[in-house]
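In what follows, a structure is listed as structure tokens, so that the remarks can point back to it.
Quick note: the coordinates plus some simple rules give every number you see, no bench work behind them. Not measured: the values here are computed from a predicted model. With ideal geometry, Cβ positions are generated from the backbone for all residues, glycine too; neighbour counts draw on all protein chains shown.
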């Protein structure tokens with residue numbers, strides 16, 4: 001098993017010197033770092049094929065780089081110089097390690113050659129008091145000197161043993177590697193490095209670069225400095241990418257399984273403020289959000305409070321100023337915008353959130369469901385976060401963080417218990433929560449009811465108009481399935497051109513009823529050659545809007561049918577035409593347009609649309625220039 005150990009601690013406390021003493025590699029790779037004797041950016045070294053170190057800067061000006069490095073480690077090594085003791089960045093680094101939810105670590109007192117035994121004992125007591133109540137409270141404390149070598153061999157041996165005892169990071173079933181470096185190697189091209197936090201990848205694989213959403217191909221791989229054919233969770237990896245330049249990459253980008261994650265500017269989470277924080281946090285405060293290896297400016301919308309005091313916790317929505325990606329339960333840290341200092345941190349609960357109103361109890365209950373350790377509750381809450389969006393298994397891995405080997409069983413259990421619905425869309429199974437399905441049905445009927453209230457004389461809405469007004473980015477097939485279910489239940493009536501509530505009836509006022517009778521009289525006067533809309537309006541002396549409104553009402557009432565070419569026929573006239581057609585069909589199987597025109601005593605202008613109506617109805621079937629008459 002491979003693990004990654006990150007250093008932490010105040011500037012000039014000997015972190016880089018310790019790494020060099022343990023591994024033989026100086027993690028300060030930049031010329032400026034060598035000249036100034038100060039770590040500025042992340043450094044990397046390997047103790048063995050299983051253990052990698054990330055060395056972070058200790059100066060407060062480079063906390064951004066420190067968080068980027070420490071966010072991807074499995075274990076922390078808090079370094080404190082014996083001649084200095086606990087310093088400001090010791091405390092802030094410890095806070096950040098705790099906010100990032102690290103569970104395992106050790107404490108190393110360096111520069112013991114510079115102090116006597118009494119001072120060393122006092123420093124150790126101070127350290128123990130500092131880490132009280134943190135994940136390092138019971139961590140072993142090592143005393144070493146990188147100069148004399150004292151304690152180094154014992155520390156090295158214990159690290160190898162501790163690595164074997166450290167529980168592996170849970171695998172999400174998808175590949176996930178946040179980038180912390182990119183550079184050019186002559187003859188190879190662009191290379192990126194990072195820690196594999198989930199999944200695996202092989203040479204030749206295609207990965208997705210996020211948040212850009214660009215597909216890139218893996219040309220070559222290194223694990224802990226050695227060329228390999230594949231990399232897996234826990235590895236420090238270097239990836240040679242094809243067809244992309246160094247300038248197109250930046251720290252904080254993520255390489256992931258294609259099609260699994262989408263960039264967003266809205267994320268929901270649980271935020272905890274540090275107990276020793278300097279001041280309260282107000283709603284919509286602008287902060288520096290550290291997520292993975294990236295720093296993003298964001299605002300914090302407090303969902304349950306107007307302000308948050310140090311030590312308090314609340315559900316929040318993070319409003320990012322640029323798109324980013326995250327997996328559910330990823331930790332984050334927030335720092336004050338200016339001057340920069342750590343405020344708090346937490347975990348992401350929904351990495352693809354939608355806008356929320358504050359103090360919305362339904363939203364709060366759903367997010368608390370995502371915090372719930374019960375996997376079925378987590379699954380339900382994830383689906384209800386986007387109630388009209390069916391999700392396939394891979395998406396649910398990303399949304400829930402549930403182990404991939406458990407998810408199929410949980411989905412099947414949800415279907416059997418009638419909590420989840422399973423559909424086939426695009427050739428694969430997708431899932432929807434029954435409450436989301438019920439909400440979608442309710443929204444469809446409510447949209448139709450509102451339409452009927454606004455347009456009482458119109459027969460109904462087109463399917464396209466209805467789907468657009470229902471909203472929610474509904475998949476077309478899901479919308480069709482839901483509408484069909486409502487029709488079968490008798491709640492909705494669907495016609496070729498419109499959809500309406502089954503109980504909706506059109507009622508005309510006296511003036512419109514008078515106009516309707518005039519229209520019917522005119523249509524009856526020339527049944528198979530009816531006047532067009534403009535002629536009807538002229539004959540009745542009314543405006544186009546009025547004639548259109550009443551014609552629409554007559555359609556909805558089933559008394560008039562509009563055919564191709566904006567022609568209006570009485571339903572009784574079309575019934576008569578069908579009767580004549582069937583009589584003709586008793587002796588002949590087929591009929592031409594000319595024969596049908598003579599049968600009705602009309603012109604081709606009217607005969608063709610009527611035949612089109614019968615084609616749609618299934619009474620005729622077009623075969624080239626003739627129609628086959630279908631007699632049931």
Over the stretch 511-629, relative contact order from alpha-carbon pairs under 8 Å, at least 6 apart, %:
22 percent
Give me the three principal axis extents of the stretch 108-168 from the C-alpha atoms, as integers in angstrom, largest value leading.
39, 30, 11
Quick one: give the max-minus-min coordinate of the C-alpha atoms of the stretch 458-513 along each principal axis, largest first, in Å.
43, 22, 18
Can you give the percent of C-alpha pairs in the stretch 511-629 whose distance is more than 18 Å?
51 percent
Is the stretch 176-256 rounded, prolate or oblate when judged by the Cα gyration tensor, a ≥ b ≥ c being the square roots of its eigenvalues, rounded requiring a/c under 1.5 and prolate requiring a/b larger than b/c?
rounded
Using per-residue counts of other Cβ atoms within 10 Å, averaged over each peptide, order 144-154, 486-496, 326-336 from highest down.
326-336, 144-154, 486-496
With an 8 Å Cα cut-off and a minimum separation of 6 or more residues, compute the relative contact order for the chain in percent.
8 percent
Could you work out the per residue convex hull volume over the alpha carbons of the stretch 85-125, in cubic angstrom?
77 Å³
For the stretch 265-362, alpha-carbon Rg and Dmax in angstrom
12.1, 36
At a 10 Å Cβ-Cβ cut-off, how would you order 341, 613, fewest neighbours first?
341, 613
Gap in Å between the Cα centre of the stretch 578-632 and the Cα centre of the stretch 519-567?
23 Å
With the stretch 436-585 reduced to its Cα atoms and the Debye formula applied, log10 I(q)/I(0) at q = 0.20 1/Å amounts to -1.15
Stokes-Einstein translational diffusion, the stretch 3-165 - Kirkwood Rh over all Cα pairs, 1.002 mPa s, 20 °C, in µm²/s:
139 µm²/s
Additional length obtainable on full extension of the chain from residue 156 to residue 582, 0.36 nm per residue less Cα span
143.8 nm
With only helices counted (DSSP H, runs n ≥ 4, each -39500 (n - 2.57)), the per-residue ellipticity at 222 nm for the chain, to the nearest 500, works out to -10500 deg cm²/dmol
Quick one: P(r) of the stretch 382-429 from all Cα-Cα pairs, 10 Å bins, percents rounded to integers, in order of increasing distance.
24, 63, 13
Take the Cα atoms of the stretch 341-414, find their three principal axes, and give me the spread along each one in whole Å, biggest first.
43, 28, 19
If N is the number of residues in the chain, what value comes out of its Cα radius of gyration divided by 2.2 N^0.38 Å?
1.38
Relative contact order of the stretch 265-362 (C-alpha contacts under 8 Å, at least 6 apart) in percent is 38 percent
